[in-house]
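The values are calculated or read from the model by the stated rules, or taken from the named source; none is laboratory data. Computed from a predicted model, the values in this text were never measured in an experiment. Methodologically, a virtual Cβ is constructed for each residue, glycine included, from the backbone with ideal geometry; neighbour enumeration extends over all protein chains shown.
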Amino acid sequence: MATTSEDVWRLLAELTTAQKETDRQLKENAQQQKETDKQLKELGKQIGGLGAKFGSFTEGLALPSMETILRQRFGMEVVSPSVRASKEGKHLEIDVLAYTNGELNTAYIVEVKSHAREESITQLKSILQRFRRFFPEHKDKKLYGILAAVDLSPELREKILQEGLYVARIHDQVFELDIPDNFPPQTY
């Protein structure tokens, strides 16, 4: 059977209708994609905020125990949580800073982590190395680092100790030092 002009016009009309439906679906998909992107962005903000809150929670959990350790074991007179400093456009944030003047003339920087990783060591060492630039009033003090963690692998614990940093871990809801008896800490 031969194709008539009516058949061609009918097919063309069907094609036009199908094209309009495809265009409508594409616009709808684009709108849904925009909405999904917006929701993902909001979710990312919420997750980031949750991470910050969990970090603050962990720091709050660690503070009473660390304050006891810093005062009783190391003789620190001043223990300050959440110390922030800015100098020449650069910033330094310390979870816990403890120090004493006089005969001991020593400072401790505590970095608190819910889950310690290798980067935690690098981060703490960076803070220790930059500390005197931000706090020149403590330039003559012996300076030590403590990594306090809720979750920490045995391998990472060994690496932290090899770097000369103290390790504190949570035990029975209290942070305790987890170091060998003959541990030689690194002075910064």
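Of note:
- Within the set Gln25, Gln39, the sole residue that is at pLDDT 80 or above, polar (S, T, N, Q) and out of contact with any helix residue (DSSP H, G or I) (no Cβ under 7 Å at 6 or more places or on another chain) turns out to be Gln25.
- Residue satisfying all of: in the range 132-149; in contact with a helix residue (DSSP H, G or I) (Cβ under 6 Å, 6 or more places away or on another chain) and either free of Cβ contacts under 8 Å to residues at least 40 places away in the same chain or surrounded by fewer than 19 Cβ atoms within 10 Å (Cβ to Cβ) (or both); farthest from Gln72 (Cα to Cα) among these: Lys139
- Unmet requirement for Ser120, which otherwise passes all of (1) among the hydroxyl-bearing types (Ser, Thr, Tyr); (2) closer than 14 Å to Val167 by Cβ; (3) more than 14 Å from the chain's Cα centre (by Cα): (3)
- Per this entry, Gln129 is counted among residues that are touching a residue at least 12 places away in the same chain (Cβ under 8 Å), more than 20 Å from Ser65 (Cα to Cα) and not β-branched (Val, Ile, Thr).
- On inspection, Lys113 fails the criterion of being more than 19 Å from Glu67 (Cβ to Cβ) and among the charged types (D, E, K, R).
- Among the residues of the range 136-154, the ones that are among the hydrophobic types (A, V, I, L, M, F, W, C) and within 9 Å of Ser114 (Cα to Cα) come to 4 in all.
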